[in-house]
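The structure appears below as structure tokens.
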Amino acid sequence: MVLIGVLALQGDFAEHKAKLASLGAKTFEIRQLKDLEEPLDGLVLPGGESTVQGKLLRDLGLLKPLQEKIKQGLPVLGTCAGLILLSEKVENQTDNYLGTLPVTVKRNAYGRQLGSFHANLDFAKLGQVPATFIRAPYISEVRDGVEILSQHDGKIVAARYQNQVGLSFHPEVDDNDIVHSYFLKICQTK
């Protein structure tokens, strides 16, 4: 059975856990350094507030250990704020967080909460995927080795680099498990 750690410092981690459990994965919450002693097959960085999550990652001593695990090939799915945490560069921000995904993101690119919307996306290898965008970022630049998985209105909203998948949207809130199934396949073949 695949064991997926879900960062549970803030944000919509419960929805990811429920979606993964419905697909047969075992999940546990990552809240402190000792939680990283579990033998992870994958990691989910949920949506929420990236600045709060980033600060907590630093304060709890989780940032560097997670960064090392990802660099060593641990599969990771970052959604919305999770994408920002993974990104090598964040527009109009001097520092980054994990910085393992070689992309630049634009935070709150679609506006505030009232700018939230739903779309059906063409997603590489998966066909049509429902996508809910909530105060979402988008990827403004990709570097060598990054595969663009999906775009919306000419903006990159999903990308993959090695075992890292970054999404602008929230697949955990839609009644569809195609993106989580895709991620679990990455975890099973690492």
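Considering every residue within the range 132-148, establish whether at least one is at pLDDT 95 or above, exposed (fewer than 15 other Cβ atoms within 10 Å of the Cβ) and in contact with a helix residue (DSSP H, G or I) (Cβ under 9 Å, 6 or more places away or on another chain).
no
Could you check, for the range 52-71, whether at least one of its residues is in a loop (DSSP other than H, G, I, E, B), farther than 20 Å from K190 by Cα and among the charged types (D, E, K, R)?
No, every residue in the range 52-71 fails to be in a loop (DSSP other than H, G, I, E, B), farther than 20 Å from K190 by Cα and among the charged types (D, E, K, R).
Please go through the range 41-52 and give me each residue that is at pLDDT below 95 and either closer than 20 Å to Q164 by Cα or under 13 Å from the mean Cα position of the chain (by Cα) (or both), ordered by number.
G47, G48, E49, S50
Could you check, for the range 56-77, whether at least one of its residues is at negative phi and among the small types (G, A, S)?
No.
Scan the range 14-42 and report the pairs whose first residue is touching a residue at least 12 places away in the same chain (Cβ under 8 Å) and whose second residue is surrounded by fewer than 14 Cβ atoms within 10 Å (Cβ to Cβ) and part of a loop (DSSP other than H, G, I, E, B), with Cβ atoms within less than 6 Å and a gap of 6+ or a chain change.
So the pair list comes out as K26/M1; L33/G61.
Any chance the range 59-70 includes a residue that's among the β-branched types (V, I, T) and under 24 Å from I139 (Cα atoms)?
So far as the range 59-70 goes, yes, one or more of its residues are among the β-branched types (V, I, T) and under 24 Å from I139 (Cα atoms).
For the condition among the charged types (D, E, K, R), farther than 21 Å from P137 by Cβ and touching a Lys or Arg at 6+ places or on another chain (Cβ under 8 Å), what is the one hit in E29, E38?
Exactly one residue qualifies, and that residue is E29.
Being at pLDDT below 95 and farther than 16 Å from E91 by Cβ narrows it down to one residue among F169, F123, F183, F117; which is it?
Sole residue among the options that is at pLDDT below 95 and farther than 16 Å from E91 by Cβ: F117.
For the subset of the range 161-177 comprising residues that are within 14 Å of L149 (Cα to Cα) and touching a strand residue (DSSP E or B) at 6+ places or on another chain (Cβ under 6 Å), which member is surrounded by the fewest Cβ atoms within 10 Å (Cβ to Cβ)?
Among those residues, the one meeting the criterion is Y161.
The values are calculated or read from the model by the stated rules, or taken from the named source; none is laboratory data. Since we're looking at a predicted model, the values are computed, not measured. As a convention, Cβ positions derive from the backbone with ideal geometry for all residues, glycine included, and neighbour counts pool all protein chains shown.
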